[in-house]
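The values are calculated or read from the model by the stated rules, or taken from the named source; none is laboratory data. Please read these numbers as outputs of a predicted model, since none were measured by experiment. All Cβ positions, glycine included, derive from the backbone under ideal geometry; neighbour counts span all protein chains shown.
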Amino acid sequence: MSASTTSTSTPLESNSYKEQIVSVKRRRALRWFSGQVTLWAIILLGLLFMVTPGIWMVLASFKNQAEISAIPLRFFPEIWRVSNYPEAIDAMKFWRVFGNSLLITVTITVANILTCTWGGYTFGKLRWPGRDLVFMLLLSTMMIPGFLTLIPRYVLIAKAGLLNTYGGMIIPFLTGTFGIFLTKQFMLGIPDELIDAATVDGCSALGVYGRIILPLSKPIMAVLAIFVFDWAWDDLLWGIMILTDREMWTLPIAIANLRVQESNQFELQMAGSTMAIIPVIILFLILQRHIVQGVALSGLKG
Amino acid sequence: MATATLAPRTGTTPFWRRRSFRRGLTGWLFAAPILIYFTIFVFGPILASLLMMFYDWNGFGPLSQAKFVGLSHVTEAFGDEKFLGSFRNTATYAIVVVLCGVGVGLLLALALNGVTKLVGFVRSTYYLPVMLPMTAMSLLWGLMYQPRYGFINQVLGMVGIPPVKWLINPNIALYSICLMVIWKGLGWYMVIFLAGLKAIPEEFYEAAQMDGATAWQRFWKITLPLLKPTLLFVIVVTVIGSLQVFSPIFIMTQGGPANATNVVVYWVYLTAFQFMRFGYATTLAVILFVVILVITLIQLRLFREGGLQSYY
């Protein structure tokens, strides 16, 4: 830093000058220290704000109704009521609903990984007339929010006889413009020479996709998987439109319904909510690094 | 093109054997499934929306029963107090979420950019609520917002702040939902801003410091202008997302109290699936879309011309 500029030798090598340097250094260290304290105070205060609700939810899921609504506040349960969980599982038909959610979400996620890399390859690596025009057309739909097409898509699904089916929940979400865009950006990093070499060796375009593009796209697949899974796992609006049959419900619908069905059993609401976040937490712990990097990437690319 | 130099050969080969044709065909064949899918699930529904605006239809009967009503839905919408109210609420919500999210997120990113230890851990912890399902978090916050025994009011009570009627007072309810959504989204803003900050070359700050620029000046003259693309991305994405808010409203307030948290998408949902007015609901969606489009275009313009660019 600029400290080095003051320490370069000057004609005056007197003692007082050295003392002055020492005091400047000390003052600078003190300022650095107080700066760090301020920064950490902000960070820790924020951290407390971020984690408290989650911790409170998990603790509440082990309390009983009276403890949750106790005045004054009781942070920890007196007895850890694990039995809240089996009760919530019964009330929500948890396993059925969880299975529905998992099936729908995993299918959508896998489909998106395949279709988005396919799209990224088609628009990022293949060379064909009209490509950029077609891509611009697709990209323009990113400006169109989902709710505009919500009702026509509902009508389409209803007329196709797909209400209350997995198909109705999955088919409209098999691919996405944002995913294709993100993958295309990523594909720019795959060297053309690799593809050309494979083509010269007699590899077809389909073979290039399967043998070169897919294996090399693993990092972007992880990012896509997280974005899509997290979004699909939490989708409520489309679900309440398409699924009226309780057997077909997804987790977000069952969670939303807990508020009505168990309006006075807060411990069941909290146990249900805690169970709903477990898969996401697991996914987060495994893929943490990819997630944060992926989000950062999407921002920089934008 | 290359074919010109190979004229004698290409003259004899039929067009379907030519390399350029083969390559073009491959491209179009690869694009075909995507284009067909988008036609059915995106372009088709967009056109259908624009058509459905002009029809009355209850969502059940055959489409042939739909009655043409011309522009009456549009005129009705502009006189519909509930719709206009939901519009105001949505706008307020979007503005509050964007301003607070960007402001606090940037502050946290700046703080985290200034420290060297535990950055990864802190960043992940902040990001965790972003991943958590909105439905479960809405249920949780709904309970924490309980006026009498809710967690938040009890904690506030400990430091002597009188209880707040978070979701019950019509003047506060919308902001309470904003607070919860900002809490959930904060990590996203922070991570994106942090990446933007890390991309700014250190030399710029060193040079500015040599010239005697204060920390405040460095923020306004270096950080903010160079963060412009990131800011644009964050604001555009947040505005589009905020205008579509649904889950927290559906779970926490159902549009109440006294329509104070009634937002457009929630109202569109009710209009279609409770009042069975599909045509009118579509009209409301189209109106919101037009507004979003105009706002987004203004944002893009504002950031491209003048605006922060004048700092360069």
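If we keep just the residues of region A:35-93 that are of a type in the set (D, E, K, R) and surrounded by fewer than 18 Cβ atoms within 10 Å (Cβ to Cβ), which is farthest from the chain's Cα centre (by Cα)?
Initial filter on region A:35-93 (of a type in the set (D, E, K, R)): A:63, A:67, A:74, A:78, A:81, A:87, A:90, A:93.
Keeping just the survivors that are surrounded by fewer than 18 Cβ atoms within 10 Å (Cβ to Cβ) gives A:74, A:78, A:81, A:87, A:90, A:93.
On the way: A:ARG74: 33, A:GLU78: 35, A:ARG81: 31, A:GLU87: 30, A:ASP90: 29, A:LYS93: 26 Å.
Only one residue tops the list, namely A:GLU78.
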Quick test for you: out of A:THR52, A:THR5, pick the one residue that is within 13 Å of chain B (Cβ to nearest Cβ) and modelled with pLDDT under 85. A:THR5
Could you tell me whether any residue of region B:102-109 is within 29 Å of A:LEU251 (Cα to Cα) and either free of Cβ contacts under 8 Å to residues at least 60 places away in the same chain or surrounded by 22 or more Cβ atoms within 10 Å (Cβ to Cβ) (or both)? no
For region A:167-212, which residues satisfy the criterion of being hydrophobic (A, V, I, L, M, F, W, C) and more than 30 Å from A:ASP234 (Cα to Cα)? A:LEU188, A:ILE190, A:LEU194, A:ILE195, A:ALA197, A:ALA198, A:VAL200, A:CYS203, A:ALA205, A:LEU206, A:VAL208, A:ILE212
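How about region A:246-259: which of its residues are within 10 Å of another protein chain (Cβ to nearest Cβ) and either assigned to a helix (DSSP H, G or I) or farther than 17 Å from A:ARG96 by Cβ (or both)?
Step one: list which residues in region A:246-259 are within 10 Å of another protein chain (Cβ to nearest Cβ), which gives A:250-259.
The answer is A:LEU251, A:PRO252, A:ILE253, A:ALA254, A:ILE255, A:ALA256, A:ASN257, A:LEU258, A:ARG259.
So if I check each of A:VAL228, A:VAL223, which one is within 30 Å of B:GLY27 (Cα to Cα) and modelled with pLDDT of 90 or more?
Going through A:VAL228, A:VAL223 in turn, the sole match is A:VAL228.
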Identify the residue in region A:161-199 that is polar (S, T, N, Q) and more than 18 Å from the chain's Cα centre (by Cα) and, among all such residues, is nearest to A:PRO145 (Cα to Cα). A:GLN185
Can you name every one of the helices (runs of 4 or more DSSP H) wholly within region A:139-245 that holds 2 or more residues which are without any contact (Cβ under 8 Å) to a residue 24 or more places away in the chain? A:150-159, A:192-200, A:205-208, A:218-233
Filter region B:184-215 for residues that are within 30 Å of the chain's Cα centre (by Cα), surrounded by fewer than 18 Cβ atoms within 10 Å (Cβ to Cβ) and over 15 Å from B:ALA109 (Cα atoms) and give the result. B:PRO201
Selection within region A:125-138 - in a helix (DSSP H, G or I), touching a residue at least 24 places away in the same chain (Cβ under 8 Å) and at the interface with chain B (Cβ under 7 Å from one of its Cβ atoms): A:LEU138
If we scan region B:166-178, do we find a residue that is out of contact with any Pro (no Cβ under 7 Å at 6 or more places or on another chain), within 13 Å of chain A (Cβ to nearest Cβ) and at pLDDT 90 or above? yes
Residues located in region A:94-114, provided they are of a type in the set (S, T, N, Q) and buried (at least 20 other Cβ atoms within 10 Å of the Cβ): A:ASN100, A:SER101, A:THR105, A:THR109, A:ASN112
How many residues of region B:52-101 are among the aromatic types (Phe, Trp, Tyr), surrounded by fewer than 18 Cβ atoms within 10 Å (Cβ to Cβ) and assigned by TED's automatic domain parsing to the domain that holds B:GLY196? The answer is 1
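Conditions tested, residue by residue: (1) over 25 Å from the mean Cα position of the chain (by Cα); (2) in a helix (DSSP H, G or I).
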residue: B:SER49; (1), (2): no, yes
residue: B:PHE60; (1), (2): yes, no
residue: B:SER64; (1), (2): yes, yes
residue: B:LYS82; (1), (2): no, yes
residue: B:SER86; (1), (2): no, yes
residue: B:ILE95; (1), (2): no, yes
How many of the residues making up region A:260-302 are buried (at least 17 other Cβ atoms within 10 Å of the Cβ), at the interface with another protein chain (Cβ under 8 Å from one of its Cβ atoms) and among the hydrophobic types (A, V, I, L, M, F, W, C)? 12
Does B:ILE152 satisfy the condition of being without any contact (Cβ under 8 Å) to a residue 60 or more places away in the chain, of a type in the set (Val, Ile, Thr), assigned to a loop (DSSP other than H, G, I, E, B) and under 28 Å from B:ALA260 (Cα atoms)? no
Given the conditions (1) within 29 Å of B:TYR266 (Cβ to Cβ); (2) surrounded by fewer than 16 Cβ atoms within 10 Å (Cβ to Cβ); (3) at pLDDT below 90; (4) not polar (S, T, N, Q), which single one is not true for A:LEU150? (2)
Candidate set from region A:68-85 (those that are touching a residue at least 60 places away in the same chain (Cβ under 8 Å) and more than 10 Å from chain B (Cβ to nearest Cβ)); member that is farthest from B:LEU132 (Cα to Cα): A:ARG81
Given (1) under 18 Å from B:ILE34 (Cα atoms); (2) more than 9 Å from chain B (Cβ to nearest Cβ), identify the lone condition not met by A:PHE173. (2)
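With respect to B:ILE161, determine if the residue is out of contact with any Lys or Arg (no Cβ under 8 Å at 6 or more places or on another chain), more than 22 Å from A:LEU73 (Cα to Cα) and of a type in the set (A, V, I, L, M, F, W, C). Before the answer, list the steps.
Numbers: out of contact with any Lys or Arg (no Cβ under 8 Å at 6 or more places or on another chain): yes; more than 22 Å from A:LEU73 (Cα to Cα): no; of a type in the set (A, V, I, L, M, F, W, C): yes.
Criteria not met by B:ILE161.
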Filtering region A:156-183 for residues that are closer than 12 Å to A:ILE242 by Cβ and either among the aromatic types (Phe, Trp, Tyr) or crowded, with 19+ Cβ neighbours inside 10 Å (or both) leaves a count of 8
Do the conditions hold for A:PRO191, that is, is it more than 13 Å from chain B (Cβ to nearest Cβ) and surrounded by fewer than 20 Cβ atoms within 10 Å (Cβ to Cβ)? yes
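Which ranges mark the helices (runs of 4 or more DSSP H) fully within region B:192-268 that have 3 or more residues being within 30 Å of B:TYR175 (Cα to Cα) and in the same structural domain as B:LEU139 (by TED's automatic domain parsing)? Give the derivation first.
Details: elements: B:202-210, B:215-218, B:228-242, B:247-252.
Where helices (runs of 4 or more DSSP H) fall fully within region B:192-268 and carry at least 3 residues being within 30 Å of B:TYR175 (Cα to Cα) and in the same structural domain as B:LEU139 (by TED's automatic domain parsing), they are B:228-242, B:247-252.
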